[in-house]
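In what follows, a structure is listed as structure tokens, so that the remarks can point back to it.
The values are calculated or read from the model by the stated rules, or taken from the named source; none is laboratory data. In this text, all values refer to a predicted model and were calculated from it rather than measured experimentally. Please note: Cβ atoms are built from the backbone with ideal geometry, for glycine as well, and neighbour counts cover all protein chains shown. Heads up: the accessible areas ignore ligands, DNA and RNA and are worked out on the full protein's heavy atoms, side chains in. Shrake-Rupley method; radii C 1.70, N 1.55, O 1.52, S 1.80 Å.
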Amino acid sequence: MIERSHHDMGGLPAGPVERGEHDYAEWELRVDALMTLLTGVRSAKKLMTVDELRKNIEALAPDAYDTMSYYERWVISITQTLIQRGVITTEQLARKMLEVEKRGR
Amino acid sequence: MDVERKFRPGERVRVMKAYPLGHVRTPYYVRGCTGTIERLCGAFPNPEELAQMRDGLPARPLYRVRFLHRDLWPGYGGDPADVVEVEIFQHWLEAA
Amino acid sequence: MTDRGSYQPLTYFQLMEVSLRELLVEKGVVTDAQVDETLEDMRRRGPERGARVVARAWTDPEFRKRLLADGTAACEELGLDVPALRLVVVESTPEVHNVIVCTLCSCYPRMLLGLPPDWYKSRNYRSRVVREPRIVLAELGLEVPGDVQIRVHDSTAEMRYMVLPLRPPGTGGWSEERLASIVTRDCMIGVAVPEVTR
């Protein structure tokens with residue numbers, strides 16, 4: 001249904017709520033820290049808004065939204081936003097991803 | 001200069017029954033529904049604009065609106081006094 | 001299957017995190033030190049901060065009034081550093097039980113409670129607690145009496161919510177510290193109530 005966005009789920013039927021939780025991994029915490037820094041909470045320079053983060057999460061395909069974890073959605077959305085903002089370019093990202101992969105971290 | 005506030009606590013308001021595109025912070029489940037202003041939260045840049053890299057100014061009044069569950073969900077089974085409170089920007093509200 | 005030993009390849013998302021962060025550092029947008037400091041800040045922020053606020057409100061009626069009027073200012077008064085937090089504290093009473101959610105994403109009073117648990121961010125909780133709060137609370141182990149009003153707070157925009165739970169009987173004369181010890185994270189979300197164990 002196009003008029004109801006997938007993330008806007010209040011009141012929809014869903015399964016039982018179970019008290020699952022996990023300790024956040026280091027990389028997840030670093031994604032969170034990057035968001036804090038980029039929205040200017042700690043650093044002086046504000047490079048994006050939380051509403052851009054939300055917009056780009058909401059733009060994920062429904063099956064991706066449901067299967068990705070919270071910080072997986074965040075890292076994709078932050079990266080999309082910074083490309084849209086011109087802070088990084090797609091080409092720079094591509095080259096950096098190849099470099100990191102090759103390094104095998 | 002912020003947008004002038006139109007509503008006071010206790011006043012009845014209806015949420016715009018609209019389904020636009022873009023980034024919207026008014027949940028689907030309250031659109032078209034009537035509730036009561038609980039409080040004014042302040043004035044804030046419009047998130048619909050902030051999401052699109054614009055400044056969202058002038059700041060717009062943001063309210064907390066109280067809805068009875070039984071007005072939102074047909075056949076609600078809990079206490080008839082149960083409520084849900086939602087923050088809604090003024091441009092989504094009209095007097096009811 | 002080949003034994004890869006302890007080597008674990010990065011997932012696509014971890015690769016994205018490393019790449020993005022390194023690019024931002026190279027460009028001078030952020031520094032590694034800032035990332036580390038921010039991580040340290042996050043680690044310092046757990047539910048004991050919220051519990052301290054609750055315990056003070058239970059023992060100091062004037063503070064309680066100020067907390068309900070302006071949550072952020074009251075936290076700052078206690079010396080808590082709460083950047084960018086606009087806090088609304090909602091008080092549970094014998095007649096009213098409060099519970100918080102964010103149906104649109106997962107907004108949460110993290111400056112006071114730390115990072116949210118997975119279930120708070122789940123589709124099941126976000127979808128259902130606004131429509132059948134009593135059933136969801138029961139699934140989480142909390143039965144709310146039928147004549148107690150439930151107020152669900154959907155954090156859809158700028159404010160963040162924290163529940164000020166009802167002080168349980170049998171805690172008269174307790175120190176603030178002892179009171180804080182029974183205020184769990186879930187009590188401040190509103191899916192549990194403080195309990196006195198012996």
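Take the conditions at positive phi, within 14 Å of another protein chain (Cβ to nearest Cβ) and either in a loop (DSSP other than H, G, I, E, B) or open to solvent by 60 Å² or more (accessible area, probe 1.4 Å) (or both) and apply them to C:GLY173. Does it pass? Here the answer is no, as C:GLY173 does not meet what is asked. The combined condition, being modelled with pLDDT of 95 or more and in contact with an Asp or Glu (Cβ under 7 Å, 6 or more places away or on another chain), is fulfilled by B:VAL86. Scanning the stretch C:107-145 for residues that are under 11 Å from the mean Cα position of the chain (by Cα), more than 7 Å from every other protein chain (Cβ to nearest Cβ) and assigned to a loop (DSSP other than H, G, I, E, B) yields C:CYS107, C:TYR108, C:PRO109, C:GLY114, C:PRO116.
Where helices (runs of 4 or more DSSP H) fall wholly inside chain A, the ranges with 3 or more residues that are in contact with an Asp or Glu (Cβ under 9 Å, 6 or more places away or on another chain) are A:26-38, A:70-85, A:90-103.
Inclusion of C:PRO194 among residues that are more than 19 Å from B:VAL83 (Cβ to Cβ) and either among the aliphatic types (A, V, I, L, M) or touching a Cys at 6+ places or on another chain (Cβ under 6 Å) (or both) is warranted. Looking at B:VAL15, B:VAL30, just one residue is touching a residue at least 12 places away in the same chain (Cβ under 8 Å), β-branched (Val, Ile, Thr) and at the interface with chain A (Cβ under 10 Å from one of its Cβ atoms), and that residue is B:VAL30. Scoring A:THR67 on the criteria (1) within 9 Å of chain C (Cβ to nearest Cβ); (2) more than 24 Å from C:ASP41 (Cα to Cα); (3) open to solvent by 60 Å² or more (accessible area, probe 1.4 Å) leaves a single failure, condition (1). For the stretch A:1-55, the set of residues classified as more than 7 Å from chain C (Cβ to nearest Cβ), aliphatic (A, V, I, L, M) and either in contact (Cβ under 8 Å) with a residue 40 or more places away in the chain or open to solvent by less than 60 Å² (accessible area, probe 1.4 Å) (or both) consists of A:ALA25, A:MET35, A:LEU38, A:MET48, A:LEU53, listed by residue number.
Every condition in (1) open to solvent by less than 60 Å² (accessible area, probe 1.4 Å); (2) facing chain B (nearest Cβ under 9 Å); (3) over 28 Å from A:ASP66 (Cα atoms); (4) assigned to a loop (DSSP other than H, G, I, E, B) is met by C:ILE150 except one, and the failing one is (4).
Counting only helices (runs of 4 or more DSSP H) that sit wholly inside the stretch C:8-104, those with at least 3 residues that are away from chain A (no Cβ under 11 Å), surrounded by 14 or more Cβ atoms within 10 Å (Cβ to Cβ) and not charged (D, E, K, R) are C:47-59, C:61-69, C:71-77. Entry remark, the stretch B:60-96: residues being in contact (Cβ under 8 Å) with a residue 12 or more places away in the chain, over 22 Å from C:VAL96 (Cα atoms) and not in a strand (DSSP E or B) number 4 in total. Yes or no: the stretch C:114-122 includes at least one residue that is open to solvent by 10 Å² or more (accessible area, probe 1.4 Å) and among the polar types (S, T, N, Q). Yes, the conditions are met somewhere in the stretch C:114-122. Residues in the stretch A:73-105 that are open to solvent by 30 Å² or more (accessible area, probe 1.4 Å), over 18 Å from the mean Cα position of the chain (by Cα), at the interface with another protein chain (Cβ under 8 Å from one of its Cβ atoms) and basic (Lys, Arg): 1 in all.
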